[in-house]
C-alpha cells in the first residue's frame, strides 16, 4: 500500500513541511524507472563515452554564456587517483548545482537524480545515455507517488549502482538536504549520501580498492535566478573514512551484490562530521536580508581600508569573515539571527540598495557614497554593442526561440525560483541541437536563392560558392557548417551586450539616486565603519 499524505497533513514524520512537488515529480513511472540503464565501470565514463563527452562539451559552452564569471577554489588538491569521491553541497539552484560540481572536479561522475529527470521526453533520452540513476524522495513516497516496496526496490538498485561507481574510482554528487530549496541556510540533513558512501567503502574494501572520501562543496551564486550572474564553486577539506567503521558483514553482503544498511551509529557519525563542515561553505545566515547585510559590511570594510572586493569569490570570503568574527555569535544549526546595531544599520542600507537593484559593488571609494561610471570600460562597451548589432540577425533567428522558451518555462514553472535557471539552461542546451540545424538550413537556402546578389555585394561574382570549395554543393555544405560558429559567436555577443545593458542601467540608477535616500545611505554607512 502507498502511504498518502493529505492536504491537512503536510508534515513528514520528522515534523517538517514537505517540499512542494511539481506535476512532473508526481508522475511516477516505476516500470520505466526500473528499466533505466545501469552504469558500467570498465571504461573512463559510466555511460556512453560519445554522448557523455558531447553533453559536457555543450554544457561548458552554455555555462560560459549563462554565467558572467565563474571561479573555483580547493582547500586541498582534488583526488585524481583511484579513490572515489562523494561530493555533497547545499542545494538551492536546481540543475546548476550538480553541473557546477561536475565541471570543476577532475573526476568523471556517476549520477543520481530525481526520478522524473530520466523519464522526461528530451532530457530523459540524454540522461539515460549518461547512465543517470533515478531516486525516489521521501516527499514522493509520502504523497502516494509509489508504494514503499517500489521505492525501496528502485532506490536500493540506484544507490547500489552509485556505490559501485564510487568504489571503482568515479565521483558522485548527492545533496544531503534531499531537495532544492530557497532558504539562506541549510535544512535538515538526510542520510542517503552517507549511506551510499559507506556502501561504496564496503565495496572498495571487498575488492581491495582505495576507500572513497567525502568532499563538502560550497555553491555560491550572486543571484541564482538571474541570467549572467556570478558563480563560485568551493571544494572544502575532504573527510576521510576509517576502515574500522566498515563492518565485515556489510563488506561480505555488498561483495555478493546485495544491499545491507550500514550501522546507524556510523551513518550518524559521518553525517554529523559533514554537518559540522558543510554549512560554513554556504551563506549560513538566518535570512537573505542578513546575508545581504553581511556582504554590504564586507564591501564597506574594504572601502574603509582603501581597497575593493573585485570578484564574487573575494566578496563571499570577505562576508564569511565578517560573520565568523561577529561578537557573541551563537554557533547552531540552523543559524541563530545575528544581533547588534551595526547589523541593523547594514541591513537598512543593504535593503535601500536592493530596492533599486544595487548592492555593495555600487559603493563609491572612501568619502563617496556611490561610485561613478568607469569611462575606462566605455570603449569595450561600445565594441560589445557594435559586435552584437552586426550579428543581430543571426542572434535573433538562432537564439530568439531559445530565449523565449527559457523565459516562458522559467517564469511559469511550478517548481519554484530554484528551478528558474534550470529551465533556461535546458532551453539553451536542447535549443542548440534542435533549433540551430533548422535555422542554419534556412540561412543556407537564403544565401543560395540570393547568390547573385551576394556575389554582386561582395564582388566575388556568381560563382562565389566555388571560391572556397570544389563545387557549389560542397560550398553550400561549408556555408551550412559555418552557420554554427556564427550562431555561437552571436550568443557570446548577446551576453556581452546584456552585460553592457545591466551595467549601464546600474550606472544610471546611481546617478539618479534620490538625494534624501543618498543622505540616509551615507548616514547608515557611517555607522558601519569608524
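The values are calculated or read from the model by the stated rules, or taken from the named source; none is laboratory data. Since we're looking at a predicted model, the values are computed, not measured. Every residue, glycine as well, gets a Cβ built from its backbone with ideal geometry; the counts of neighbours run over all protein chains shown.
Summary of computed values
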item: Residue in the stretch 236-255 that is assigned by TED's automatic domain parsing to the domain that holds residue 160, touching a residue at least 24 places away in the same chain (Cβ under 8 Å) and out of contact with any helix residue (DSSP H, G or I) (no Cβ under 9 Å at 6 or more places or on another chain) present; result: yes
item: Extreme residue, farthest from residue 514 (Cα to Cα), among residues of the stretch 365-383 that are free of Cβ contacts under 8 Å to residues at least 60 places away in the same chain and surrounded by 12 or more Cβ atoms within 10 Å (Cβ to Cβ); result: 383
item: Which listed residue, of 380, 306, 367, is out of contact with any helix residue (DSSP H, G or I) (no Cβ under 7 Å at 6 or more places or on another chain) and in a helix (DSSP H, G or I); result: 380
item: Residue 157 vs. criteria part of a helix (DSSP H, G or I), at negative phi, in contact (Cβ under 8 Å) with a residue 40 or more places away in the chain and in contact with a helix residue (DSSP H, G or I) (Cβ under 8 Å, 6 or more places away or on another chain); result: yes
item: Among the candidates 397, 387, residue that is modelled with pLDDT of 95 or more, within 19 Å of residue 494 (Cβ to Cβ) and surrounded by 13 or more Cβ atoms within 10 Å (Cβ to Cβ); result: 387
item: The lone exception for residue 291 - which of (1) out of contact with any helix residue (DSSP H, G or I) (no Cβ under 6 Å at 6 or more places or on another chain); (2) in a loop (DSSP other than H, G, I, E, B); (3) more than 26 Å from residue 238 (Cβ to Cβ) it fails; result: (2)
item: Residues located in the stretch 161-185, provided they are in contact with a strand residue (DSSP E or B) (Cβ under 9 Å, 6 or more places away or on another chain) and assigned to a helix (DSSP H, G or I); result: 161, 162, 163, 164, 165, 166
item: Any helices (runs of 4 or more DSSP H) falling wholly within the stretch 40-150 and containing at least 1 residues that are modelled with pLDDT of 90 or more and outside the structural domain of residue 207 (by TED's automatic domain parsing); result: none
item: Pairs with Cβ under 9 Å, 6+ apart, first in the stretch 332-345 and closer than 19 Å to residue 524 by Cβ, second modelled with pLDDT under 90 and crowded, with 19+ Cβ neighbours inside 10 Å; result: 342/528; 345/528
item: Residue within the stretch 496-505 that is free of Cβ contacts under 8 Å to residues at least 60 places away in the same chain, closer than 28 Å to residue 297 by Cα and under 38 Å from the mean Cα position of the chain (by Cα) present; result: yes
item: Any hit, the stretch 345-355, residues being outside the structural domain of residue 500 (by TED's automatic domain parsing), under 28 Å from the mean Cα position of the chain (by Cα) and exposed (fewer than 12 other Cβ atoms within 10 Å of the Cβ); result: yes
item: Residues satisfying the stated conditions in the stretch 435-445, i.e. in contact (Cβ under 8 Å) with a residue 24 or more places away in the chain and assigned to a helix (DSSP H, G or I); result: 436, 439, 440, 441, 442, 443, 444
item: Some residue of the stretch 223-232 being over 24 Å from residue 362 (Cα atoms) and in contact with a helix residue (DSSP H, G or I) (Cβ under 9 Å, 6 or more places away or on another chain); result: no
item: Scan of the stretch 39-61 for residues that are more than 25 Å from the chain's Cα centre (by Cα) and touching a residue at least 24 places away in the same chain (Cβ under 8 Å), ordered by number; result: 40, 41
